[in-house]
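Quick note: the coordinates plus some simple rules give every number you see, no bench work behind them. From a predicted model like this one, the values you see are computed outputs, not experimental measurements. Quick reminder, even Gly has a Cβ in these numbers, built from the backbone with ideal geometry, and neighbours come from all protein chains shown.
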Amino acid sequence: MGTIVSILVLVLFLTAILTGGYNKKFLQRVQGSNMWDWLTTVDHKKIGIMYLGAGGFFFLIGGLEALLIRVQLFYPNNDFIVGDTFNQLLTMHGTTMIFFVAMPLLIGFMNVAVPLQIGARDVAFPFLNALSFWLFLGGGIMLNLGWLFGGAADAGWTSYVPIASNQFSPGPGVDYYVLGLQISGIGTLIGGINFLVTIINMRAPGMTFLRLPLFTWTTFVTSALILFAFPPLTVGLLLIMFDRIFGSHFFDAAMGGNSLIWQHLFWIFGHPEVYIVILPAFGIISEVISTFSKKRLFGYNSMVFATILIGFLGFMVWAHHMFTVGMGPVANAIFAVATMSIAVPTGIKIFNWLFTMWGGRLQFTTAMKFAVGFIPTFVMGGVTGVMLASPPADYQYHDSYFVVAHFHYVLIGGTVFGVLAGVYYWWPRMFGHKLNERLGNVHFWLFFIGFHLTFLIQHWLGLYGMPRRVFTYQAADGLTWINQVSTVGAVMMGVATLVFLYNVVYSRKSATAASAERDPWDGRTLEWAIPCPTPEYNFAQLPKVRGLDAWWMEKMAGNKELEPAEPLQPIHMPSSSYRPILMSLGFFVSGLGFIFRTIEVGVLGLVMVFLLMFTRSFEQDHGYHIEVDQIKEAEKGA
Amino acid sequence: MGAGNHATATTGLPAHPEKATFEGKNKVLGFWLFLGAETVLFACLFGTYLALKNSHLGGPTTQDLFEIPLVAAATIILLTSSLTSVLAVLEMKRNHLGRMQFWFGVTVLLGLAFLGLEIYEFVHYVHEGHTFTSSAFGSAFYALVGTHGSHVLFGTVWITTLMVQAAKRGLNLDMAPKFYVASLYWHFVDVVWVFIFTVVYLMGKVG
Amino acid sequence: MIGRVLLTFALFALLLSGCQQPRMSVLEPQGEAGQMQLDLVYLSIYIMVFVCVIVLAIFTYVLIRFRQKPGDNTIPKQVEGSTKLEILWTVVPIILLAILAVPTLKSTFTLAAKPPKAEQPVEVKVTAHQYWWEFEYPELGIKTAQELHIPTGKKVHLELTSVDVVHSFWVPSLAGKTDLIPGRKNTMWMKADKPGTYEGRCAELCGASHALMNFHVVAEKPEEFQKWVKQRQKPSSQPQTAQEKEGKKVFAQNCMGCHAIDGAGLKGPGNKGPNLAGFGDRDKIAGLLENNPENLNKWLHNPQNVKPGAHMPAIDFLKKKDLDALEAYLESLK
Amino acid sequence: MKANAEQTKNQTAVQTSQESAWKHVTSFAVMIVLTAIAFAAVATNLVPSHLLVPLLLTLAAVQVVVQLYTFMHLNQKGSGFPVAFMASGIFIGVISAVALMILV
């Protein structure tokens, strides 16, 4: 089966190349199409939208998996989805939500907003940016292929060995997990480097580090976390792949291996990963709260400092996920204190948000509702986090529903609320029209209430002795009604998501040319200063930045436009490329080859990637220029 | 960017051709960041090796296996190649295409010699019953040293590719950052080796 | 704090007299270790409730007081920050965390300390299997499964390991978790103050039947425990009736490869499944089903139906007579 | 005028790189010596065994610094970010490697 699939993909790839080569007219038609434009684009705005679209799609899949989990747990001893199938559901739910929902949605916003916020025309490496996206998508599809061919991963999103080893998970599920994450991980790492270089090197004149909008700052720190956190995951996945496919013994106790190595590698990555998916949400919340309070961010400098400190401490605390593995009291004590200390910078942030609103003029748009709803929810998740940091207490919470409740408060109450705030906030910038506010209101309340209904009560579920990742519980355990309340809440969140989808369609339909406002929220940062829809070159002339909240400052000074830092001149643009998607396909083919133990195909895919890299190195492509009269034309039109 | 274009039009390259263009600047910085990530990657492999180095299951131990003269030779070769690649970059900055190609050529040859020694070493070990699948120690050893070896291999292919390009197009502001970055990579591979010969071979000999 | 503890105990005494339901709530600890852990849970909850109340108070005030009034389009004052306030909300959390950190560290070390020999702790070796628990008392020469018997008022020192994947040993009302990891020996201790049956769970995803890897801790008064020990050291594993004798034969032909029965005189490897000596005395079959002939039949007939992925093969090929005999023999094991 | 200035600049560039060629050969010599000490220390048993491993690690660390600052030119102006990120990478790497060594 696997061989057939891989060969089929390869044949399709070759046909694509060959027909394109032989049939010039066809090629031209393809290259003129809208589809080709999106598949080969290197424009950060389009890539951002594709990230958001793909992340949204995976969100629906992951959400559906969550609903199935909650349905199974509605009754004690329910036999709707049991045993290994249930393990597949919970594994795929977790893996999908972290790697293919939270991260791409946030990276999507980074793409959409960061170059605009720093006054740049693009990211530092547009080609690699496209490659990042296609690798992420390839990895996501690969992970989910498990549902169709041979069974999905079933060892939990943490994929602990030996449960993830050949012996105890003989199907291809864990291989899909390993290769899928490896491929998308390469993409994420490239993306992290890209944003770091972009923010360091491509800021507009006058945009000093302490004038960066907070979302850009959190992007910067997040990218640094990606840079250092993904290599441990890469190594861990590589070792697990060696163990599964090439018969090595890293984790096999019988052959001298040690399964704790995986746990350490995973959490050295995994804990910073938690901050990777929360810090950008902090950034979005900061932007939204500041904008709709009509005030500059309270304590900007300490916010920046807190962000860096959280990022730094994020690397010192991973072992608090492993208090029960028997590291001994000294290690547990050290990691406990380190973990608790993270509460301090996080607390600073919470109070800064509160005092940003203090004395402001609050406008409760849907974006603001999600941002405001974020605060108490995240505080809840934060304080349970501190509770978990105490090892003796953690021996009780660990791997119980208390932990499930905690991290959903952080990941939904933090990340998802942040993302949804960002969706409503930046939607007009991306699509030229607002989302409907009344539907947004319904969406917010259903989601907010449904969320608390689902997860607040799960804290008690854990304290009453329900372990996580169980497909059922006994009637005598007395856990039934709590589980039922939780399921009802989950259904509410599902309905809320449907309302949102309807809102997307409805708002698109009712949008007119007049709904394209360039500054619909009376924004503060540079992305609201440029015409709507955003021209492909972003800024006709790079702006001169005079302070924090640059656009707000200009507006307060009575200016209608930004002051340019350069004369109007031809703009250099990178040309689009079909290579990123083909390179991703190469990795994909290679991954399939390894999954189905057809090592030749695995190597072939990698050769394909290297050939594409090699030939690109010889390609002399210096992009193209947009001439001055074209820019003038475009700016007039907007 | 404007300055860069101007400089290519004249005969010489500016003092720091690798950072003269905007793209070059981005490339060099981005590559440094990548090396930061590689540092953590190798650190994790080192950690894994240190955790498993005594799990040889009765197979040959580090003391039985390692031969100091062989490692010393490999070390000298790689250190020298680090010097030759930096000499090549100096020639590049002086806009001496031929000499640069010569030094990079020497670098590649030294890299290949190193790989040859490594292959010889691995074959030797396999004969002594120390393989990737013989024990956790075997797995960890080959994962660490093999990853480094594959970096060396990639580096030789990369530098060779760039030399072919330079032979075709000559030196310009497009090529300079590529060479510069490749030489950074090569130094980094050398740095990793310094730790491999220290932690794996010398400390393995000590026990 | 002490008042609350006393109250909990009082409530428990009441509950205990009323019913004998097995319990598994972290909030109703039945021994020293669990109590120590709950004390920290409450301490952290008090601190965190304090934090939440302050945040929510400011939050509510801000939301009501500073919402935009209709027609109000003034620009609020752009405040940069306030060093005093910022120092305040940096220092106060540090103090709160210190308050939590000190008892945390103390308990961490207390819980990790091995009970001294003078206290004569009961030593138990716990081995986890997919999906059952093996309990061995090395000093007493007893091997049993699924039900961990302990004396009240005495520390029980556990040495935990696993033969297959990572499991986690959890008896919520007695003590928090410790992982069982192949190739590694972890230790923990717990203590039960009062007699009773306490629910245990596997807390680490360990495969298809992770949800069903349940066990019991039976805490008995020391005299009772001694009686149990005597019984286990000299188990009555010999068949009495003709049917039971027949059953033993069936067992020897079909089950001996995986199961041992101490005192039955069978010579087989018998180390893959639980040792069945004293099976008739256990509360549950497979740690899960009420121990009665009907359930035993159900379990033998199709173990995978009860525990998906269980390694025990279905014993559905026996004649009814043989199966009945086997069941009679198993239930006679005391 | 301008071309003249550029030419001088190029000349200084050539001069500095000639000087630095020597600098590089010198640091290469330093590295070889450090390596030789490390190998000799292991081969000869002159160093007491409890000091040997710390000595080897120190020698390696010094070599790395020499490489980074001379061959890889982190001493040049404008290397702030590379230095910061390499330092972070080394810091996190050391923590991870040590943890894997002693905590598993």
About its Cα centre, how strong a charge dipole does segment C:215-334 have in debye, to the nearest 20, once Lys and Arg get +1 and Asp and Glu get -1 at the Cβ? 360
At R0 = 35 Å, how high is the FRET efficiency between residue B:96 and residue A:575 if r is their beta carbon distance? Nearest 0.05 is fine. 0.60
Sort C:54, D:92 so that the residue with the fewest other Cβ atoms within 10 Å of its own Cβ comes first and the one with the most comes last. C:54, D:92
Percent breakdown of C-alpha pair distances by 5 Å bin, ordered from the shortest bin, for segment A:163-222: 4, 15, 18, 13, 9, 9, 8, 8, 6, 5, 3, 1
May I ask you to sort C:225, C:169 by Cβ crowding, counting other Cβ atoms within 10 Å and putting the fewest first? C:225, C:169
Using r as the Cβ-Cβ distance of residue C:295 and residue A:565, and R0 as 60 Å, what FRET efficiency do you calculate, to the nearest 0.05? 0.15
Give the distance, in whole Å, between the Cα centre of segment A:129-208 and the Cα centre of segment A:46-102. 16
Fraction of antiparallel bridges per DSSP, chain C only, in percent to nearest 5: 65
Classify segment A:345-414: rounded, prolate or oblate, from the alpha-carbon gyration tensor (a ≥ b ≥ c, eigenvalue square roots; a/c under 1.5 rounded; otherwise prolate if a/b is larger than b/c)? oblate
Any lysines with Cα under 17 Å of the residue A:295 Cα? List them, leaving off those in the same chain fewer than 8 positions away. A:349, A:369, A:555, C:69, C:77
What distance in nm separates the two pseudo spin-label positions at residue C:72 and residue B:172, each 7 Å out from Cα along the beta-carbon direction? 6.3
If amide H atoms are modeled at 1.01 Å from N in the peptide plane, then the residues at a separation of 5 or more from residue C:67, or on another chain, having amide H under 5 Å from its own are A:362
Relative to a virtual label point 7 Å from the Cα of residue C:321 in the Cα→beta-carbon direction, which members of segment C:225-249 show backbone nitrogen distances below 16 Å? C:242-249
Just to confirm a number: summing +1 for Lys and Arg and -1 for Asp and Glu over residues other than residue A:426 whose beta-carbon lies under 12 angstrom from that of residue A:426, what do you get? +1
At 0.36 nm per residue, minus the direct Cα-Cα distance, what do residue A:519 and residue A:626 gain on full extension? Give it in nm, one decimal, please. 36.0 nm
For segment C:120-231, percent of DSSP beta bridges that are antiparallel (nearest 5) comes out at 65
Let me spell out the model: positive unit charges on the Cβ of Lys and Arg, negative unit charges on the Cβ of Asp and Glu, origin at the Cα centre of the protein assembly as shown. What dipole size does that give, in debye rounded to 20? 1860
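Could you calculate the FRET efficiency of residue A:363 with residue C:83 from 1/(1 + (r/R0)^6), where r is the beta carbon distance between them and R0 is 30 Å, rounded to 0.05?
The value I calculate is 0.55.
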Along each of its three principal axes, how wide is the spread of alpha-carbon positions in segment B:23-140, in whole angstrom units, largest first? 57, 29, 18
Report the extension gain between residue A:509 and residue A:599 in nm, rounded to one decimal, defined as 0.36 nm multiplied by the number of residues separating them, less their alpha carbon distance. 27.4 nm
Neighbour net charge for residue A:496 - beta-carbon separation under 15 angstrom, K R +1, D E -1: +3
Would you mind working out the magnitude of the charge dipole of segment B:2-155 relative to its Cα centre, with +1 at each Lys and Arg C-beta and -1 at each Asp and Glu C-beta, to the nearest 20 Debye? 660
Largest first and to the nearest Å, give the Cα extent of segment A:297-363 along each principal axis. 53, 19, 15
Once normalised by the length of chain A, the mean sequence separation of its alpha carbon contacts under 8 Å that are 6 or more apart gives a contact order in percent of 17
Roughly how far apart, in whole Å, are the Cα centres of segment B:152-207 and segment A:496-517? 53
Would you please give the residues with an amide H less than 5 Å from that of residue C:168, counting only those at least 5 places away or on a separate chain, with H modeled from the backbone geometry? C:180, C:203, C:204
With the 8 Å Cα cutoff and a minimum separation of six or more residues, chain B has a relative contact order in percent of 34
Would you mind ranking A:356, A:219 by Cβ crowding within 10 Å, fewest neighbours first? A:356, A:219
So what are the ³J(HN,Hα) numbers for segment B:196-204, from phi and the Karplus equation (6.51, -1.76, 1.60; θ = phi - 60°), rounded to whole Hz, Gly and Pro as x? 5, 5, 6, 6, 7, 7, 5, 5, x
Residue (of C:291, B:165, B:117) at the positive-pole extreme of the protein assembly as shown, dipole from beta-carbon charges: B:165
Sum of side-chain charges, residue A:230 neighbourhood, beta-carbon under 15 Å (Lys, Arg +1; Asp, Glu -1): -2
Antiparallel DSSP bridges in the protein assembly as shown: what percent, to the nearest 5? 70
Of A:472, C:317, A:585, whose Cα points farthest to the positive end of the dipole of the protein assembly as shown (charges on the beta-carbon: +1 Lys, Arg; -1 Asp, Glu; origin at the Cα centre)? A:585
Can you tell me how segment C:120-231 classifies by the Cα gyration tensor, rounded, prolate or oblate, using a/c under 1.5 as the rounded cut? prolate
In whole angstrom, the spacing between the Cα centers of segment A:595-615 and segment A:220-236 equals 25
Scan chain C and report its longest stretch carrying no GluC sites (Glu not before Pro) that are both in a DSSP loop and have at most 15 other Cβ atoms within 10 Å. C:140-334
Between the modelled labels at residue B:112 and residue A:613 (7 Å from Cα along Cα→Cβ) the distance in nm is 2.1
In segment A:596-614, whose amide N lies under 14 Å from the spot 7 Å out along Cα-to-Cβ of residue B:126? List them in ranges. none
Cα-projected label distance for residue D:91 with residue A:24, points at 7 Å along beta-carbon direction, nm: 6.0
Helix-only [θ]222 nm of the protein assembly as shown, DSSP H runs n ≥ 4, -39500 (n - 2.57) each, per residue, nearest 500: -21000 deg cm²/dmol
Quick note, segment A:368-482: a/c under 1.5 would make it rounded; otherwise a/b > b/c is prolate and the rest oblate (a ≥ b ≥ c, C-alpha gyration tensor); here it is prolate
